[in-house]
Structure formats: C-alpha cells, structure tokens
Amino acid sequence: MIRIQQRPHDPQLARRLRDEGLPPLLARLYAARGVASAREADPRLARLLPPDDLRGAGAAAGLLADAIAAGKKLLIVGDYDADGATASAVGVRGLSLLGAPVSYLVPHRLEHGYGLSPEIVALAAARQPDLILTVDNGIAAHAGIDAARALGIPVLVTDHHLPGATLPAAAAIVNPNQPGCAFPSKHLAGVGVMFYLLLALRAELRRRGAYAGKAEPDLRELLDIVALGTVADVVKLDANNRILVAQGLARMRARRACPGIRALFAVAGRDPARAAVSDLGFLLGPRLNAAGRLDDMSLGVECLLAPDLAGALPLAQRLDELNRTRKDVESGMLESALAGLERYDPAERVGLALYEPGWHAGVVGLLASRLKEKYHRPVIAFAPGTDGELKGSGRSIPGLHLRDALDLLDRRHPGLLGKFGGHAMAAGLSLKAQDFPAFADAWEAVARELLSPADLARVIETDGELPPGEITLQQVTQLEMGVWGQGFPPPLFEATLSVTEQRLVGEKHMKLKVNHGGQAMDALAFFHAEPLPARVHAVFSPMTNHYNGSIALQLRLQHWEALA
C-alpha cells in the first residue's frame, strides 16, 4: 500500500525566505525542509562551521604537527567503501600538502573484514609507521588499537560511526558523535571528519609559523573528493554537509576536479560541467564502491590519487568494468531472493533476514537495499564469510534505527552476534552460520517491537502541485543543480495527467506525451515496460534532457495511480 501525501510547509516561513531573496519555488521547498533562513541556504564556504568545537581535533592537530616537525611517517588505515576510499585519498592528498610523509592501507573486505583489527595492525607494522591514522573507522577498534600500542605505534582515530559504551585507548579521537563533542553537525561522513582534521592541522601549523612569508596550502582542492564521499555514504545533508557538497560540485562544474573524478565522469559518459548530486550517488559512487565490493579498494584510492588524466583513466575503466560485474552479480542475487520470497506476506514478517550460500558478501548490502525498497521493511541479507561465519549487511526504513536495533538484539541475546556497527539506515554484522535461524527470529521480534503499523506503510511525500507554467528551463536547471539527498529530499510534485501517446524505448522504459494542465509535455517512466492508463494521478520530478546539443524539458514519473 502506497500513500501519497503533501510535505507540509509553513507559509509564513516561505514568505520570509522570499523576502530574504530566495526565488518563490525554492522558498517553498526550503521551508518544507526546515530551512529557517536564507543564510542557512547559503552554500558559500564562508558559512562552513569552523573546526573549533570538534572534540579532539585540536589535540589530533597537535600530534600531527609534532609528527610533521619530526619527519615521522604516517600511515592511514581506511575502509573499503566509497567513504573510506575518499577519506583515505583526502587524507593522503591533504597531509602531503601540509608536509607530512604519508601512505595508506585499506583492508580487503573478504580477506580482512572491517576496520583496524589486530591483523591489519600487523600488516601496518610491517611498513614501520610512526603513527597510524584511521579514517571512517576506529571508534570500535579496541583490540586493534591495543595491538598497535603494544608495538609502540600510537593511533589517531577519525571516524563518524556511533561509539560503543567505551572508547578505545587512542592517542586522540576525532568523531562528532563521541560523548562530549559540541560540534553542531553530527552528520559528517568519514571524509568530512578527515577534511575537518586537515583544517585544524593547517590552523595549528599557522599558529606555529609554518606559513610565515609564504602561501598556505589550499585545502579547497580536496572538496570535490569530500563531496563525492559525503553523497556516496548517504549521510544526512544538513546545512554544513550541503555546503561541502555544493562547493565540491562547483569545482567539478568548473572542470577543476582531480584527475580521478574527471576520469570517473568520463567512463560514466557524463559531462562534469553539469555535475549533480545524482551523478555522485548513482554514477561515480557505485563505480568507486565496486572496487571494495569485488576486488581491492586500493584501486579506487589510486584512481583518486592519480596525478593526471592519463594515469587515472585506466583505473577508472577498471572500476567501470567491476561495476558492470557487480550489476550482474546483484541481479542474480535479487532474482534468487525474490524467488525465495514469492509467497512472502508482509503481514506475517516485519523484519526480513535472508541468507543464501551462493551470495557474495560484497553485494549483500545492495541486495538488502533493493528488497527494502520493494517491501518497505528493514532487511538484513547474509552471505558466507570465513571460518563458518556469515557476513550480513542491513538497510532500514524510517522508524527503525538499525544500529540501535542491533544493539537491543545483542543485549537480549548475548553471544548471538559477532561484530556489528553502523548507522540509523545501514549496518553491518557477523554471526555463526548455525545461528542464522535464531537470529532471524530475534530480528523479527525486535522489528515488530520497534515499528508501528504506520511505519510499515510506504508514504511518498510530495511538494504539492507545480503548474506547467512554472516548469521552465531556468527553474528546472536550478532544481537539478541544487543539493538534495538524504535528509533533504529532492523535490517531487504531483498532478493529474492525461496520457496522449506512449511507446517503449530501450526495451524497458516508457516514453510518453502527456497533457498537464492543458499543456502538452514529454514524460518518461524509467524501467517500466507496461502501458500506463489514459488518465493518472502522478508523482513526478521535472528534468532536462540534453540530446544532440539541444535541451528539452520532460517529466520523470516516479509513481502513478489510475483515474477514471
């Protein structure tokens, strides 16, 4: 059951935003998303929160400044997803700009698992670093950090994941979600935390006179990579994250992105001059993630670190090949999962837990996401790991904080889970293969307790009607170039449409001509091969279609219901 409802907004707030200079449509959209002032909507870098309140940033900057002064070797230990790869690349690029000798190490998903484990510490120690710096991991790495300390290697943690009951014994911890941190934006991605540490380090070096009589390193050069990691990690795009993303997109559109990102645009067939958030989330991010899912994420980091386009393109092409393979693997897994769920009744089971011996551990998160979208239920999918363990990845729906739900399950069933961690909407975990049936039952019980019937009804929120007279090239381009995403949803509108023509294109998309308020318009229903009814109430987003040097306006239909 899908319910369409209009997103509420305060007309007085919308009027105030208009009075402060925002265009009327944007004022309405921003008011509906809780933007309180035009200042909050200002994407200029000067509006970025300073690092002053980011707990641990000052101490970490001091440690790094001392290490640079002493010529010590730094080693970054990253994560194998797009956030970890971009955070690693930003760390290497940024620390190099600031004068540090730095290298990196990324665990292999299938061989090593997640984070700074004792095994990864042993690999790191072989490189003889003087300091280990984690990015996008480390807040739960008690054993790994203890192992490093036993070897005389201090660890500086930068992370954004929620901490457990105790913090590890690191030399410094930078994480906006650690206890006592007053930093207002709690939604920085791992790459955002690393960028903020670089800002704090540059300020510390400035205080020490490192730039007396010479230009400071320009950390804005890193914002394209920061934007990619922030969007790809699907963190909430609060005001601060929107500034980071907007600034990164501006660099891409001005053709000032790093060679690796330019190469990723090239293999995706997109022009960076029209870079949009959707490109980062659906084109570049998946190609980068494919390395960590199926191969070695060092490939993705090397692409982002490539000094020129000639070096970046072969790496981007390999990422593109891996992404095609990933799509095939995911498609087969989805087909298998749907076959197993043929008789699934959503009323009978609220929390879905699935496992097949032939599934790929690097792709179960994507499978969980697909099934979550189809059934509007929290889903955890498992694949075989090593030593009789299952590796699981979960995706949730509004109303159930996934990491907190797993924590509740762990407290009620001690020893059932191995490792687990994550966010409100995504998490990873492990358990013994023989414990899967017990986990499935425990997961169902927790999901039923935490979710109400209202939570389980799929709701599509729209921004109301958009008259055809307001669907102009200037207005639609402005919407497409905006920063929309997790926690700041892209605009959706609704209207009654008459379908006057329709034909199948590309064997899987329906191209239509519709009458919208007396005006004929083109429309597309992507991945829908069946004819639409003659009259529908539709949810749509307006979009531009660039083809053979011309630009046309059309509606992208997201959902529709037949009308008499």
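The values are calculated or read from the model by the stated rules, or taken from the named source; none is laboratory data. Bear in mind that the values here come from a model prediction, so they are computed numbers and not experimental data. When we count neighbours, we look across all protein chains shown, and the Cβ atoms used for this are built from the backbone with ideal geometry, even at glycine.
A few notes on this one:
- Test: LEU553 is over 24 Å from ARG7 (Cα atoms) and surrounded by 14 or more Cβ atoms within 10 Å (Cβ to Cβ): yes
- When region 207-249 is limited to residues that are acidic (Asp, Glu) and not in a loop (DSSP other than H, G, I, E, B), the one that is farthest from LEU304 (Cα to Cα) turns out to be GLU221.
- Applying the criterion of being surrounded by 17 or more Cβ atoms within 10 Å (Cβ to Cβ) and more than 30 Å from HIS401 (Cα to Cα) to the residues of region 460-478, the residue that is modelled with the lowest pLDDT is PRO468.
- Pairs are defined by a Cβ separation below 6 Å, a sequence spacing of at least 6 or placement on different chains, a first member in region 144-155 that is closer than 13 Å to GLY115 by Cβ, and a second member that is in a helix (DSSP H, G or I); the pairs so defined are GLY144/PRO118; GLY144/VAL121; ALA147/PRO118; ALA147/VAL121; ALA148/VAL121; VAL155/ILE145; VAL155/ALA148.
- Single match in ILE145, ILE139, ILE132 (criterion: crowded, with 21+ Cβ neighbours inside 10 Å, more than 20 Å from the chain's Cα centre (by Cα) and over 30 Å from GLY209 (Cβ atoms)): ILE145
- Breaking point among (1) of a type in the set (A, V, I, L, M); (2) surrounded by fewer than 22 Cβ atoms within 10 Å (Cβ to Cβ); (3) closer than 30 Å to GLU40 by Cβ; (4) at pLDDT 95 or above, for VAL234: (4)
- Within region 21-37, the set of residues being closer than 22 Å to VAL539 by Cβ and exposed (fewer than 14 other Cβ atoms within 10 Å of the Cβ) comprises just one member, PRO24.
- Residue within region 188-202 that is surrounded by fewer than 18 Cβ atoms within 10 Å (Cβ to Cβ), touching a Gly at 6+ places or on another chain (Cβ under 8 Å), in a loop (DSSP other than H, G, I, E, B) and modelled with pLDDT of 95 or more present: no
- Matching residues, region 306-339, being over 30 Å from LYS374 (Cα atoms) and part of a helix (DSSP H, G or I): LEU309, ALA310, GLY311, ALA312, LEU313, PRO314, LEU315, ALA316, GLN317, ARG318
- Residues of region 356-374 classified as among the β-branched types (Val, Ile, Thr) and either closer than 22 Å to ILE460 by Cβ or surrounded by fewer than 18 Cβ atoms within 10 Å (Cβ to Cβ) (or both), total: 0
- Scan of region 1-20 for residues that are among the charged types (D, E, K, R), loosely packed, with under 11 Cβ neighbours inside 10 Å and without any contact (Cβ under 8 Å) to a residue 24 or more places away in the chain, ordered by number: ASP19
- Condition check for GLY260: under 30 Å from ARG47 (Cα atoms), in contact with a helix residue (DSSP H, G or I) (Cβ under 8 Å, 6 or more places away or on another chain) and either surrounded by 19 or more Cβ atoms within 10 Å (Cβ to Cβ) or touching a residue at least 40 places away in the same chain (Cβ under 8 Å) (or both): yes
- Selection within region 94-113: residues that are surrounded by fewer than 21 Cβ atoms within 10 Å (Cβ to Cβ) and not hydrophobic (A, V, I, L, M, F, W, C). The member of this set that is farthest from GLY192 (Cα to Cα) is GLU111.
- In region 333-371, the residues that are more than 17 Å from ILE397 (Cβ to Cβ) and of a type in the set (Lys, Arg): ARG343
- Leading residue by the ranking (nearest to LEU162 (Cα to Cα)) among those in region 434-459 that are modelled with pLDDT under 95 and hydrophobic (A, V, I, L, M, F, W, C): LEU456
- TRP560 more than 27 Å from the chain's Cα centre (by Cα) and aromatic (Phe, Trp, Tyr): yes
- Residue match in region 340-363 (condition: in contact (Cβ under 8 Å) with a residue 12 or more places away in the chain, touching a helix residue (DSSP H, G or I) at 6+ places or on another chain (Cβ under 6 Å) and part of a helix (DSSP H, G or I)): no
- Some residue of region 390-402 being among the aliphatic types (A, V, I, L, M) and surrounded by fewer than 18 Cβ atoms within 10 Å (Cβ to Cβ): no
- Candidates in region 375-389 are the residues that are at positive phi and touching a residue at least 40 places away in the same chain (Cβ under 8 Å); of these, the one that is surrounded by the most Cβ atoms within 10 Å (Cβ to Cβ) is HIS376.
- Qualifying residue in region 164-177 (condition: surrounded by 19 or more Cβ atoms within 10 Å (Cβ to Cβ) and either closer than 27 Å to LEU294 by Cα or in the same structural domain as GLY392 (by TED's automatic domain parsing) (or both)): no
- Test for ASP159: is it free of Cβ contacts under 8 Å to residues at least 40 places away in the same chain, buried (at least 24 other Cβ atoms within 10 Å of the Cβ), of a type in the set (D, E, K, R) and closer than 20 Å to GLY229 by Cβ: yes
- ARG293 vs. criteria farther than 22 Å from GLY115 by Cα and either part of a helix (DSSP H, G or I) or not small (Gly, Ala, Ser) (or both): no
- Counting only strands (runs of 3 or more DSSP E) that sit completely within region 403-520, those holding 1 or more residues that are touching a residue at least 12 places away in the same chain (Cβ under 8 Å) and touching a Gly at 6+ places or on another chain (Cβ under 8 Å) correspond to 420-422, 426-432, 493-505.
- Of the residues making up region 382-402, just one is charged (D, E, K, R) and part of a loop (DSSP other than H, G, I, E, B), namely ASP387.
- LEU416 vs. criteria touching a strand residue (DSSP E or B) at 6+ places or on another chain (Cβ under 7 Å) and either assigned by TED's automatic domain parsing to the domain that holds PRO163 or not basic (Lys, Arg) (or both): yes
- Single residue of ARG18, ARG44 found to be of a type in the set (D, E, K, R), at pLDDT 95 or above and over 17 Å from GLU470 (Cβ atoms): ARG44
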